[in-house]
Amino acid sequence: MTGPAALLSRGELTRTKGRFGAVVGALALIVFLVLVLGALADGLFYGATGAVRSTNATAYAFSADAEGSLIRSRLEQSDVAALAAAPGVEAAGPVGVLLTGGTGPEGDVDLAIFGLDVGGPGTPTTLVQGRLPTSGEVGVAAVDTRLQDDGIDLGSRLSVGDVSVEVVGFVADSAYQLQPSVWTSVEDWRSMRDAVRPELRGQPTAINAVALVTSAGADLSAIAAALPGSAVLTAEAVGLAIPGVEQQASTLNSIIYTTVAVAALVVALFFALLVLEKRELFAALKALGSSTWALGRAVLIQALIASILGVIIGAIIARLFGLIIPATVPTLFRTDTLIQIAVFTIVAGIVGAAFSLRRLARIDPATAIGGTL
Amino acid sequence: MNDSGSLLQVNDVSKVYGTGHTAVTALDQATMSVDQGEFVALLGPSGSGKTTLISIVGGLLAATSGTVTLGDIEVTALSRKDLTRFRAERVGFVFQSANLVPFLTARENLLYVATLVKTPKKAAQQRADQLLEELGLADRAKNLPEQLSGGERQRVAIGRALMNDPDLVLVDEPTASLDTALGRQVVQLLRREIKDRGKTGIMVTHDLRMVEYTDRVFEILDGHLTHVESPSTLGH
């Protein structure tokens, strides 16, 4: 690093620390804010959609009027066989869903009960402790790890109304609409449903949806055609169709993008001022034979370093802040999101600084001498 | 070398700002030649056109008409990009207020201009140290400009002007921000460096006391350049 740009940027960064400290500090705060918002967005998204993301199902079939909502959909047990026979379907299994309150060893808990043919389509793939119920087994359930915060352990009993199941395993990242999930048999789910929703009693063959394992490239509309009055969505689309998920994600993402744009603006203003302030010096350096590009590179190197430092410091503060956020606030600090936000911020910093290059190019070296006329 | 044998040849150079009835002639058919090893003064009140002249000579400003040649280079024919390189390689500038890079040390200020012509690092460091030594700044090499006195700063600027071994050194009012004694010291030093190295120097000044250190004096008034025989003929 011995070029003119390197010499200038190194000198300025190391000898005017206070000034760069200010812009690095501003960037760090912005990155901190964006990362916390990102963690909140991820926390909401993953907390809402875990139950449809963390299973072996690749698609779900609904009643056509359900608009992709597991809760709203109504199908019959017999529909499973019709869909299983559809082209591109490797396996199909019933899914019953019930959002309800239940009772654990330490009191009331919010629950999302999933009744399915455990082992078949729709079975969670994120078992972290214990075991899943086996096919046909009743009176047992695997539950989301979030319930461990409510004092639930292997062997604990969870009851809904007068129906109770024994916890035999824990699965990770499987919440549904921010409620911890309980994975049990269709029979147990139906008993719980009847216990809390008496109006649904007498529908012994009703289920909510059908989980499907489809072959690669399967035509979902062709599958839906096998069951008149049904609609088929990919598991990913089902996640987005959960009420509020898409809206939350787009609201938080627009706040995040706006904040990143503010970062670009902060860097742009900082370097615009810096270039303005050094107009006389830059004119002299141009007179001495520095090209605009050599001086511009120095500005860009400084912006790059300031942005990288801002990202590192902001990320550290955000992670520390993550440790003190109460568990009731759904946050999730993901490395993917961190990398994405880091790249955005650094690009924004460079783009912001690039605006001052035009100003730099307009500086006339002739102004270094006397008063031109 | 050009036809006349002088290193610097300025032929009929004019500079007109604006057009039509608002046109202002800053420089009117200026002609001068300066030999290698000569140190000349360019005198004139402010607004007389002396800055315009050295800006054109130094490749900072385009002439409206006329030609400037330095050695075998026709400066007035160079493109903008070539002018940048020409200034880095062939011209040394000493500005009115030293205009050093405030966040680089005295030594780094010299090394900076060496990077513009891609001088190998070792050679550049040796030359910078040697120049600082000659200019009596060896013990100030690691100081930032703000830690130097006005005279020291101007000496660093002289070192920077000589760093790339230019043919031509252009000096703009070097004593403007110095007291008389210090001003004399700086101009004496400039003369010595220019003479010892066989450079060609032009110093713009309006300070008559400084012309005794120069070989010849040109005077410029309202854009008209005239050659004054020798410094001693100037009335005091």
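None of the figures in this text is laboratory data; all of them are computed from the coordinates on show. Since the structure is predicted, the reported quantities are computational estimates derived from the model, not experimental observations. Cβ: placed from backbone, ideal geometry, glycine included. Neighbour counts: every protein chain shown.
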Problem - For region B:217-223, Karplus couplings with θ = phi - 60° (6.51, -1.76, 1.60), whole Hz, Gly/Pro x - result: 10, 10, 10, 10, 9, 6, x
Handout entry: chain B: antiparallel DSSP beta bridges as a percent of all, rounded to 5
Key = 50 percent
Exercise for the section: Quick one: which residues, 5+ away or cross-chain, put their amide H under 5 Å from the amide H of A:Q129? H built at 1.01 Å from N. Expected result: A:F170
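Please compute, for peptide B:95-102, the average count of beta-carbon atoms on other protein chains lying within 10 Å of each residue's beta-carbon.
Numbers: counts 8, 5, 2, 1, 9, 2, 9, 6.
Mean number of neighbouring Cβ atoms from other chains: 5.
Extension gain A:T2-A:A222, at 0.36 nm per residue separation less the Cα-Cα distance, in nm?
Numbers: separation 220, 0.36 × 220 = 79.20 nm, distance 6.49 nm.
Full-extension gain reported as 72.7 nm.
Within 10 Å of each Cβ in B:108-115, how many Cβ atoms from other chains are there, averaged over the peptide?
So the per-residue partner count for this stretch is 4.
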Problem - Long-range HN-HN contacts of A:N56 with modeled amide H, under 5 Å - result: A:G122, A:T123, A:T125
Exercise for the section: Round to a whole angstrom and tell me the spacing of the C-alpha centers of region A:126-159 and region A:1-31. Expected result: 54 Å
Handout entry: Whole-Hz ³J(HN,Hα) from phi, Karplus 6.51 cos²θ - 1.76 cosθ + 1.60, for region B:189-204, glycine and proline x
Key = 4, 4, 4, 4, 4, 5, 5, 4, 9, x, 8, 10, x, 10, 10, 7
Handout entry: Relative contact order, percent, chain A [alpha-carbon distance under 8 Å, six or more residues apart]
Key = 28 percent
Handout entry: Where labels lie 7 Å past Cα in the beta-carbon direction, separation of A:R319 and A:T125 in nm
Key = 2.8 nm
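How large is the Kirkwood hydrodynamic radius of the protein assembly as shown, counting all unique pairs of alpha carbons, in Å? Walk me through the numbers on the way to the answer.
Working: mean 1/r = 0.0330 Å⁻¹.
Computed over Cα pairs of the protein assembly as shown, the Kirkwood hydrodynamic radius comes out at 30.3 Å.
How much net charge surrounds A:Y46 when only the other residues with a Cβ under 15 Å from the Cβ of A:Y46 are counted, with Lys and Arg +1 and Asp and Glu -1? Don't jump to the answer; show the numbers that get you there.
Details: positive: A:R53, A:R146, A:R334; negative: A:D42, A:D144, A:D173, A:E236, A:E246, A:D336.
Counting the neighbours of A:Y46, the net charge comes to -3.
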Problem - Selected from A:L154, A:L360, A:L273 as most flexible by GNM, with chain A as the system and alpha-carbon contacts under 10 Å - result: A:L273
Practice task
Go through A:K17/B:K199; A:K286/B:K199; B:K81/B:K142; A:K17/B:K81; A:K278/B:K81; A:K17/B:K142 and tell me which ones have a Cα-Cα distance over 30 Å in this structure.
Solution key: A:K17/B:K199; B:K81/B:K142; A:K17/B:K81
Problem - Value of relative contact order over region B:140-236, rounded to a whole percent, pairs C-alpha under 8 Å and six or more apart - result: 22 percent
Completion exercise
Expressed as a whole-number percentage, the relative contact order of region B:8-231 with C-alpha contacts under 8 angstrom and at least six residues apart is 30 percent
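In a shell of Cβ-Cβ distance under 12 Å around A:L273, excluding A:L273 itself, what net charge do Lys and Arg (+1) and Asp and Glu (-1) give? Could you put the intermediate results ahead of the total?
Details: positive: A:R19, A:K278, A:R279, A:R359; negative: A:E277.
Overall, the nearby charge balance is +3.
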Handout entry: Estimated [θ] at 222 nm from DSSP helical runs (n ≥ 4, -39500 (n - 2.57)) normalised by residues in the protein assembly as shown, nearest 500
Key = -14000 deg cm²/dmol
Problem - For chain B, built as a Gaussian network whose Cα springs stay under 10 Å, the top-fluctuating residue of B:A124, B:A161, B:A106 - result: B:A124
Fill in the blank from the handout: Helix A:335-362: inclination vs chain A longest Cα principal axis, degrees, rounded to 10, gives 30 degrees
Handout entry: Using θ = phi - 60° and Karplus 6.51 cos²θ - 1.76 cosθ + 1.60, couplings along region A:301-310 (whole Hz; Gly, Pro as x)
Key = 4, 5, 5, 4, 5, 4, 5, 5, 4, x
Handout entry: Partner aspartates and glutamates for B:K15 [C-alpha distance under 15 Å; skip if fewer than 8 residues away on the same chain]
Key = B:D28, B:D222
Exercise for the section: For an R0 of 45 angstrom, estimate the FRET efficiency from the Cβ-Cβ distance between A:R359 and A:L240 and round to the nearest 0.05. Expected result: 0.55
Fill in the blank from the handout: Checking B:K122, B:K50, B:K195 against a Gaussian network model of chain B (alpha-carbon springs below 10 Å), the top fluctuating residue turns out to be B:K122
Handout entry: Net +/- balance of residues flanking A:L154 in space, Cβ distance below 12 Å, scoring K and R +1, D and E -1
Key = 0
Exercise for the section: Could you list which residues have their amide H under 5 Å from that of B:G92, counting only those 5 or more apart in sequence or on another chain, with H placed in the peptide plane? Expected result: B:L168, B:V169, B:L170
Handout entry: Shielding by partners - mean other protein chain Cβ count within 10 Å, residues of B:81-94
Key = 3
